[in-house]
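Novice: Pasting a structure below so you can have a look.
The values are calculated or read from the model by the stated rules, or taken from the named source; none is laboratory data. Being a predicted model, the structure only gives us computed values, none of them experimental. Neighbour counts are summed over all protein chains in view; Cβ atoms, including those assigned to glycine, are modelled from backbone coordinates with ideal geometry. For accessibility, only protein heavy atoms count, side chains too; no ligands or nucleic acids. Shrake-Rupley method; radii C 1.70, N 1.55, O 1.52, S 1.80 Å.
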Amino acid sequence: MTGIFSRRSLLLAGGAALIVPGQVRAQERAEASAVRRNVSSFASQDWRDHFDALGVGCIVCDTTSRALHYWSADGSDYRIYPTSVPKTDELTKRGYTKIVRKKVGPSWTPTASQMERFPDWKPVEGGAADNPLGTHAMYLDWPAYLIHGTHDTRKIGRPSSDGCIGLYNEKIAELFEITPVGTQVRLI
């Protein structure tokens with residue numbers, strides 16, 4: 001049997017040759033599927049598609065891909081953050097606005113419509129562990145619409161707000177530091 005393949009070794013080699021390509025194809029399909037999911041999660045944005053000029057900076061909040069895109073005034077700093085978005089289209093305001101005020105440790109008061117739906121909700125002091133606005137808030141020139149943090153990390157990446165855009169507390173703290181009042185914002 002030296003130099004000659006036995007029937008058994010030939011069958012084993014042939015079987016292995018059939019199995020390995022199937023495993024490789026399965027892994028390639030899994031990798032391609034992961035890439036497709038990732039590509040559909042964060043849609044690329046270019047500030048020029050939304051604004052005529054950078055101004056003091058600009059933000060695009062993409063409610064479909066649940067991401068906030070930030071560009072600095074000179075365009076050298078571009079960042080993208082995962083967000084929570086409004087629960088329904090009725091709660092989603094779209095269009096152009098700007099940052100008009102910023103607050104560390106914001107207090108929270110339920111809106112009139114929230115009080116109608118949830119009469120047991122009470123205002124929450126700034127800095128409280130259960131504050132729905134988290135650690136930082138940036139107020140838009142639309143009443144009751146903010147970009148803010150959240151202590152409830154399960155909300156990020158989901159439609160979970162009553163109109164606001166939410167970020168992880170550490171990410172809103174980062175964005176808060178680099179975003180001046182007057183930054184133009186677009187919600188799409």
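Novice: For the stretch 106-117, state whether one or more residues are open to solvent by 10 Å² or more (accessible area, probe 1.4 Å) and closer than 22 Å to W47 by Cα.
Specialist: no
Novice: Considering every residue within the stretch 12-20, establish whether at least one is farther than 22 Å from T150 by Cα and modelled with pLDDT of 90 or more.
Specialist: No, that holds for no residue.
Novice: Of the numbered conditions (1) more than 20 Å from F176 (Cβ to Cβ); (2) aliphatic (A, V, I, L, M); (3) not in a loop (DSSP other than H, G, I, E, B), A53 satisfies every one except a single condition; which is it?
Specialist: That leaves (3) as the condition not met.
Novice: Can you tell me which condition R101 does not meet? The list is (1) surrounded by 11 or more Cβ atoms within 10 Å (Cβ to Cβ); (2) within 21 Å of the chain's Cα centre (by Cα), and all the others hold.
Specialist: R101 satisfies all of (1) surrounded by 11 or more Cβ atoms within 10 Å (Cβ to Cβ); (2) within 21 Å of the chain's Cα centre (by Cα) except (2).
Novice: Determine the pairs where a residue that is free of Cβ contacts under 8 Å to residues at least 12 places away in the same chain, located within the stretch 82-93, has a partner that is surrounded by fewer than 17 Cβ atoms within 10 Å (Cβ to Cβ) and part of a strand (DSSP E or B) with Cβ atoms under 8 Å apart, the partner being 6 or more residues away or on another chain.
Specialist: Close Cβ pairs (under 8 Å, with a partner that is surrounded by fewer than 17 Cβ atoms within 10 Å (Cβ to Cβ) and part of a strand (DSSP E or B)) do not exist here.
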